[in-house]
Amino acid sequence: MKLMRGMAVLVVALTALGIIFLFAQTSSAEQAKPINIGVTEDFSGVSAPEGTSEFPAFEMSVKEINAAGGVNGRPIKLFVVDNGGDPTKTVGTLKMHKELNKCVAIFYGYNSAGAVAAKAWAEQNKIPVIASGPLSDKLVDKQGKSWFFRSYTTNYDQTVAMLNRAKELGYKKLGYMATTQAFGTDMLDILQKTYSQFGLDFVAYVLCEPNSKDLTIQAMKLKNAGAEVVLCQNYVADQIVWARNLKTIDWKPLSITGSILLANSLEVSPPELWEDWEGQSVIDLNKPIVKTIWDNYAKYTKKRHDDDKAPRAWDAARILAEAIRLSGDPDSPEAIREGFYKIKNFPIATGRVSTTASYEIGRNYTLGVKDILFVTVKSGKFVMPSK
């Protein structure tokens, strides 16, 4: 009888141990389960130079996060596809990430037109999307919580920074050259509403179709209008055509554009085309993390891009991981979206030394006017301007 009781106790004990062991195995497996993140990037199309340059930094950052233990012990798994910079194709890739890859969040690429489509999709499907490149102010949610976030600034803030720069340098007559796509027409609308506040005279503008072969007529229009400073908001191929046509008509106004567009243009065209051009940038060379990211990116890709593409894509990965960590439920897109709004004063690479990232209602982006700086091209290199 005692033997039978002893055996029963032993069976109960072993069963309990088995349950504990099974629970430990299940818990461990759950802990190692990947967090699926989709990537839809501009690897082809009009914004391919930007997309192909920024994605390796996002991927590199994710690998660093995984090497450090992932997010609460769970690795991030990326599913990467090309969206061609096309809104319709972008929506198709997002649908695939949701239905086939079971992704709980998405990293989007560069093109503003595709980003507008991605934002609408995110709102309809309730899956958070973060992007590091698109500028259109159609991506800003001024009321309520958003499903679309940026590790970057807005078209409005960039425009104001450029106008401030023109005023600071003493220019009076403003011209504008831009793409017909969203981020070009958005800035035109902002310029028309704000230029007079800076004591400037907006003398003329030209809008250029993508893949233009000759922009001489457009350049002559701004020259004849007396523009002293020209703000440029166009993709690399068209901006190169524009710079060549400026040289053709022997006209050299102060030209200000985005530093990324300027950096990509320098890589694929003669540097003398860009001498004395200025680029508005979100990189402060006094921020130690910037050089570290550039150096790591160069080792990772065997290519060097010392501009703001890598830091802002690196930021996007870190911010997304932080939103997942703060969510409390990495398998819930809704919880991850709430995680973004829990991010306050998060350290980032972009912006000035004092800049940190926070999200709140009415601000689904990280950087403002005060975080934007300017660089000047001298002998094919970026330098900080003396004034």
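The values are calculated or read from the model by the stated rules, or taken from the named source; none is laboratory data. Small disclaimer: the values here were computed from a predicted structure and weren't measured. Positions of Cβ are generated from backbone atoms using ideal geometry, with glycine treated the same way; all protein chains shown enter the neighbour counts.
Only one of L174, L188, L94 is in the same structural domain as W314 (by TED's automatic domain parsing), modelled with pLDDT of 95 or more and in contact with a strand residue (DSSP E or B) (Cβ under 8 Å, 6 or more places away or on another chain); which? Give the derivation first.
Numbers: L174 fails: in the same structural domain as W314 (by TED's automatic domain parsing); L188 fails: in the same structural domain as W314 (by TED's automatic domain parsing).
Result of the check over L174, L188, L94: L94.
Can you say whether S27 is surrounded by 19 or more Cβ atoms within 10 Å (Cβ to Cβ) and modelled with pLDDT under 90, as far as the supplied structure shows?
Values: surrounded by 19 or more Cβ atoms within 10 Å (Cβ to Cβ): no; modelled with pLDDT under 90: yes.
Criteria not met by S27.
Output the residues belonging to region 78-134 that are under 27 Å from G184 (Cβ atoms) and among the charged types (D, E, K, R).
D82, D86, K89, K119, E123
Looking at A113, A117 in this structure, which one is at pLDDT 95 or above and within 30 Å of T180 (Cβ to Cβ)? Steps first, please.
Values: A113 fails: at pLDDT 95 or above.
From the options A113, A117, the qualifying one is A117.
Scan region 339-354 and give yes if some residue there is under 26 Å from D42 (Cα atoms), assigned to a helix (DSSP H, G or I) and at pLDDT 95 or above, otherwise no.
Yes; the residues of region 339-354 include at least one that is under 26 Å from D42 (Cα atoms), assigned to a helix (DSSP H, G or I) and at pLDDT 95 or above.
Scan F149, F107 and give me the residue that is assigned by TED's automatic domain parsing to the domain that holds T350 and under 22 Å from L261 (Cβ atoms).
Values: F149 fails: under 22 Å from L261 (Cβ atoms).
Being assigned by TED's automatic domain parsing to the domain that holds T350 and under 22 Å from L261 (Cβ atoms) holds for just one of F149, F107, which is F107.
In region 100-197, which helices (runs of 4 or more DSSP H) lie fully inside it and hold 1 or more residues that are within 22 Å of E322 (Cβ to Cβ)?
On the way: elements: 112-125, 155-168, 182-194.
Fully inside region 100-197 and qualifying: 112-125.
Within region 356-387, which residues are free of Cβ contacts under 8 Å to residues at least 24 places away in the same chain and either assigned by TED's automatic domain parsing to the domain that holds H305 or within 17 Å of V282 (Cα to Cα) (or both)?
Result: T356, S358, E360, R363, K370, K381, V383.
State the number of residues belonging to region 263-289 that are within 16 Å of the chain's Cα centre (by Cα) and not in a loop (DSSP other than H, G, I, E, B). Don't jump to the end; show me each part of the working.
So the first thing to find is which residues in region 263-289 are within 16 Å of the chain's Cα centre (by Cα), and the list is 263-264, 280-283.
Next, from what is left, pick out any that are not in a loop (DSSP other than H, G, I, E, B): 263-264, 280-281, 283.
Final tally of qualifying residues: 5.
Please find, among K142, K126, the residue that is surrounded by fewer than 17 Cβ atoms within 10 Å (Cβ to Cβ), in the same structural domain as A316 (by TED's automatic domain parsing), within 27 Å of G85 (Cα to Cα) and modelled with pLDDT under 95. Walk me through it before giving the result.
Details: K126 fails: modelled with pLDDT under 95.
On inspection, the qualifying residue turns out to be K142.
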